2 protein chains.
Amino acid sequence: MADRLPQGFRAAGVYSGVKRNPTSLDLSLVVSDRPAVAAGVYTQNIVCGAPVKFNRDRTPCESVRAVVINSGVANACTGEQGARDAERMASKVTEVCQLDENQVLVMSTGVIGEMLPMEKINAGIVAAASQLSDGEEALIAAARGMMTTDTRHKIRSREVDLGGPVRVCGMAKGAAMIGPNMATMLAVIMTDANLNKGDAQALLADAADESFNCISVDGHTSTSDTVLLLANGAAGGPVLAGDSLAKFQATLVEVCEDLAQSIPADGEGASHLITVEVHGCKTRKDAVKIAKNISDSPLVKTAVAGNDPNWGRIVSAAGYAGIAFDPTKVCLLVNGLLLYERGAPVGFDPKVVSDSMRAEHNTSIVLLLDEGTASARFWTTDLTTEYVRLNAEYHT
Amino acid sequence: MADRLPQGFRAAGVYSGVKRNPTSLDLSLVVSDRPAVAAGVYTQNIVCGAPVKFNRDRTPCESVRAVVINSGVANACTGEQGARDAERMASKVTEVCQLDENQVLVMSTGVIGEMLPMEKINAGIVAAASQLSDGEEALIAAARGMMTTDTRHKIRSREVDLGGPVRVCGMAKGAAMIGPNMATMLAVIMTDANLNKGDAQALLADAADESFNCISVDGHTSTSDTVLLLANGAAGGPVLAGDSLAKFQATLVEVCEDLAQSIPADGEGASHLITVEVHGCKTRKDAVKIAKNISDSPLVKTAVAGNDPNWGRIVSAAGYAGIAFDPTKVCLLVNGLLLYERGAPVGFDPKVVSDSMRAEHNTSIVLLLDEGTASARFWTTDLTTEYVRLNAEYHT
């Protein structure tokens, strides 16, 4: 199924001149033809970008009409001027699209510490506003306009029948400086569902907890991470509740998980996408903590890069997550092959496991504990020399 | 000053055949000619080696005569047999050195999951016991017998005048799978000071908190980390108290800090030793958390590897440590050069800073906050392609 914008939404992506490469795009705009309920989840980093504060002050709310996004400059660590520039971006969109005040949200991503080149940004906004369209090309252009080190644009969408068709469509960016605790990336999720403000916020927070908060490339929480949900009700029908709301929630979670996975799948220098599942914990929070610890360990990540079924590193990574568990009950499977059972290694053929790791881009790590029934799933990348090379290169 | 064993201590290091390379050493023994007060701090990893449990059950105590250490096999994740093997190692030393029961502590480091080749270990213990000596060569051999991926043995010592000379001499190993929270490495610190048991434990825990708990190579907490302090009173004089105890404590901290630093300084693949200082926090605990976050960030570590004065990565790493602070008051210096002041970058010549980073093995990162007067210092390494290469290599 091709990705389509939900009803009532239009999008555009243009090149404003902020990025050096004129074949890239660096300014995106999405506009709803009617006010939308908007909810957001934001980075927990104390050092956060000006747009994050701007959006945080305005969500959740019931009357957002547009989101403007620029890439190339993050507008972070930019002091008072940065705050004013975020406001100016919103004002420009307000003016050009003839909206009311406080109907625009803002996102920026890119280099930290540089000021936004406002002339270029404004010109980009004007150009984008003139190119708004509900077609797939426009959606793709908008997804491209958000990119920084991504190698591909990221769009995921679903349709669900809630009496009539309801569409959920998300676009995201992020390939490094990725770490959870709502410090994951930029994403805008649009839907024509009819939601009330409180539900939108609650559903987004829950969906983010199972998706964007469960990914990591290098565990470093950025200054600017944001996920916005816009629900404009254009699909018609009453405000969702009961079963319909539950079905919508499930669809939202699917879109978020798909989008979230696409990020480590495109991780800088990554040669494997790693899915870490932890089962049998007392609470989901425990399971997430253990999964994250495994996912963040450079020793686990380099082992995967080397196609090494190194159960010792994985099990010891679980052991310092700060969660109590009985180590004699632990089982571990890599790519479905049992390596470790009841606290001790089993006799397995390392070559078989290693070959399976080498053959697949996707590596599955499943850790089974015996403390309860809660589980969590986490996505990350391996750690390669390419990642180091990309991030150690110093550009004057 | 040459490193010398404290009075009453002898040491030995031999090749027992556990490691593949016959020019290496893999079995160490230190013996005190009289019972010593012994204290230990151990890994917090739930998945811990058999010797860790063995030692934990026996310290602090007042009558340790020996520590036996093998390298090459960690005796971790080895179940019941591993526990028995740790006991057997202790029994062999007891027999050969004619000690009483429960006077021997045990350490093992190396590959996880393999059983100890007890015949070789026992033969090594016999050989070591016959070579015990108080000379510097014997001390060096003992320090070498602990090594795994270290490129050099690590010994640090101090002498302090407490009415008469008192010596503190430590040997340590560790080069990767290093992460604090008492999950740092193996170290044995010997002294001829006269300490009571409670003071020994308290002083060691405090000294470890300022040293071994403040180092990181890759943040991965190992299964086997242990620091032991043996105080045998051979220097004579009454049990230390008051000013003498305070002076001894300061000396112990110096030895521990020196030893601790030597570990990241020898970090696998490292091209820089990074000292991260955080000042101006409400509590030392806050300062340590922030310093650790900066030290563990792959983005900060790759930046240092690339001689990149990337203040954005450093400041944002501080921002997600989970500690509240006013970002508009933050200052940052790298190698003594001011890059960031009151929450914004200053105009600095990046080439000057980059050149200074390239020229020095030691990189200094100093972050100044304005929340209080507490501070902490943390040592780590940069992240290089060499580290990845070393840890991604799969050996069948």
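Loop-located trypsin sites (Lys or Arg not before Pro) in the range B:107-165 (DSSP state not H, G, I, E or B) with no more than 13 neighbouring Cβ atoms inside 10 Å: B:Arg152.
Looking at the protein assembly as shown alone, DSSP beta bridges between its own residues are antiparallel in about 70 percent of cases.
Checking every one of the trypsin sites (Lys or Arg not before Pro) in the range A:1-46 against DSSP loop status and a limit of 14 other Cβ atoms within 10 Å picks out A:Arg20. Dimensions of the protein assembly as shown based on its C-alpha atoms, expressed as ranges along the principal axes with the largest first, amount to 90, 55, 41 Å.
Computed over the range B:164-307, the percent of Cα pairs more than 21 Å apart is 46. Peptide A:317-330 has a mean shielding of 4, counted as Cβ atoms of other protein chains within 10 Å of each residue's Cβ.
Loop only per DSSP, at most 10 neighbouring Cβ atoms within 10 Å: give me the trypsin sites (Lys or Arg not before Pro) in the range A:35-79, ordered by residue number.
Values: sites: A:Lys53, A:Arg56, A:Arg58, A:Arg65; in loops: A:Arg58.
For trypsin sites (Lys or Arg not before Pro) across the range A:35-79 that sit outside H, G, I, E and B with at most 10 neighbouring Cβ atoms in 10 Å, the list is empty.
Applying the Karplus relation 6.51 cos²θ - 1.76 cosθ + 1.60 with θ = phi - 60° to the range A:382-389 yields 3J(HN,Hα) values of 7, 10, 10, 4, 5, 4, 5, 4 Hz, where x marks Gly and Pro. The Rg/Rh ratio of the range B:9-265, with Rg taken over Cα atoms and Rh as the Kirkwood radius over Cα pairs, comes to 0.94. GNM remark for chain A: springs join alpha carbons under 10 Å apart, and the peak mean-square fluctuation among A:Ala265, A:Ala231, A:Ala359 falls on A:Ala359. Ligands, DNA and RNA left out, the 1.4 Å accessible surface of the range A:9-265 is 45% carbon and sulfur atoms. Beta bridges per DSSP, both residues in chain A: antiparallel share near 70 percent. The Cα atoms of the range A:282-337 define a convex hull whose projected area, averaged across directions, is 4.0 nm².
For chain B, the mean residue ellipticity at 222 nm estimated from helices alone is -10500 deg cm²/dmol, where every DSSP H run of n ≥ 4 contributes -39500 (n - 2.57) and the total is divided by all residues, rounded to the nearest 500. Per-residue Karplus couplings for the range B:291-296, computed as 6.51 cos²θ - 1.76 cosθ + 1.60 with θ equal to phi - 60°, are listed in order as 4, 5, 4, 5, 5, 8 Hz, Gly and Pro entered as x. By how many degrees, between 0 and 90 and to the nearest 10, does the Cα long axis of helix A:242-265 differ from the longest principal axis of chain A? Computed tilt is about 70 degrees. Using bins of 10 Å that start at zero, the share of Cα-Cα pairs per bin across the range B:312-380 amounts to 18, 53, 26, 3, in whole %. With respect to the axis relating copies A and B by rotation, the chain A residue whose beta carbon is closest, plus that distance in Å, is A:Thr385, 2.
Counting Cβ atoms of other protein chains within 10 Å of each Cβ in A:309-316 and taking the mean gives 6.
Copy-to-copy label distances for A:Glu360, where each label lies 7 Å from Cα along Cα-to-Cβ, are 4.8 nm in order of increasing length. Give the distance, in whole Å, between the Cα centre of the range B:211-243 and the Cα centre of the range A:292-366. One Cα centre to the other: 32 Å. Rolling a 1.4 Å probe over the heavy atoms of the protein chains gives chain A an accessible area of 36 Å² per residue.
Distances from A:Ser133 to itself in the other copies, using label points 7 Å out along the Cα-Cβ axis, amount to 8.5 nm in increasing order. Normalised Debye scattering of the range B:208-288 at q = 0.11, 0.16, 0.19 Å⁻¹ gives log10 I(q)/I(0) of -0.43, -0.81, -1.01, counting only Cα atoms as equal scatterers and leaving out solvent.
Diagonalising the gyration tensor over the Cα atoms of the range B:273-392 and scaling each eigenvalue by 5 before taking the square root yields semi-axes of 23, 17, 11 Å, largest first. Across the copies of the chain, A:Thr328 has label points (7 Å from Cα along Cα→Cβ) spaced 5.9 nm apart, shortest distance listed first.
The values are calculated or read from the model by the stated rules, or taken from the named source; none is laboratory data. Since the structure is predicted, the reported quantities are computational estimates derived from the model, not experimental observations. Glycine gets a Cβ as well: all are built from the backbone with ideal geometry, and neighbour counts include every protein chain shown. Heads up: the accessible areas ignore ligands, DNA and RNA and are worked out on the full protein's heavy atoms, side chains in. Shrake-Rupley method; radii C 1.70, N 1.55, O 1.52, S 1.80 Å.
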